Amino acid sequence: LKVPNPGVLDSPKRVERFLREAKAAARLRHPHVVPVYDAGRHADRYYIAAGFIDGRPLADAIDEGGAAFPR
């Protein structure tokens with residue numbers, strides 16, 4: 001479950017873009033793209049429900065000088 005940090009969706013335009021992009025990602029089916037199952041709002045928080053990918057965070061790989069991606 002991915003939830004934007006507080007204040008990121010601080011305008012109706014940003015909320016609309018967040019949901020539009022999440023729903024577009026949910027239509028993608030490819031072995032190298034994390035599946036998105038749902039996106040929406042619960043109470044006052046927006047979310048994206050996506051598949052879990054076991055591994056290290058991308059930020060860690062970038063800090064170490066890059067990442068090797070399978071071909």
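The values are calculated or read from the model by the stated rules, or taken from the named source; none is laboratory data. What you see is a predicted model, and the numbers here were worked out from it, not measured in a lab. Positions of Cβ are backbone-derived with ideal geometry, glycine not excepted, and every protein chain shown enters the neighbour counts. What goes into the accessible areas is simple: the full protein's heavy atoms, side chains included, and nothing from ligands, DNA or RNA. Shrake-Rupley method; radii C 1.70, N 1.55, O 1.52, S 1.80 Å.
Accessible surface area normalised per residue over the chain is 86 Å², counting heavy atoms of protein chains with a 1.4 Å rolling probe.
Remark: spin-label model distance residue 17-residue 56 equals 3.2 nm, labels positioned 7 Å along the Cα→Cβ axis.
Let's see if you can work this out: charge +1 on each Lys and Arg Cβ, -1 on each Asp and Glu Cβ, no other charges. What is the dipole magnitude of the chain about its Cα centre, in debye to the nearest 20? I would put it at about 420 debye. Short-range pairs are left out: with C-alpha atoms under 8 Å and at least six residues apart, the relative contact order of the chain is 28 percent. The largest accessible area among 19, 28 belongs to the first residue in 28, 19, and the rest follow in falling order (1.4 Å probe, all chains).
Using a Debye calculation, one point per C-alpha and no hydration shell, please list log10 I(q)/I(0) for the chain at q = 0.19, 0.24, 0.25, 0.28 Å⁻¹ in order. These q points yield log10 I(q)/I(0) values of -0.91, -1.11, -1.13, -1.22. Within the chain, what whole-number % of the accessible surface is contributed by carbon and sulfur, with the 1.4 Å probe and all protein chains included in the calculation? That share works out to 56 percent.
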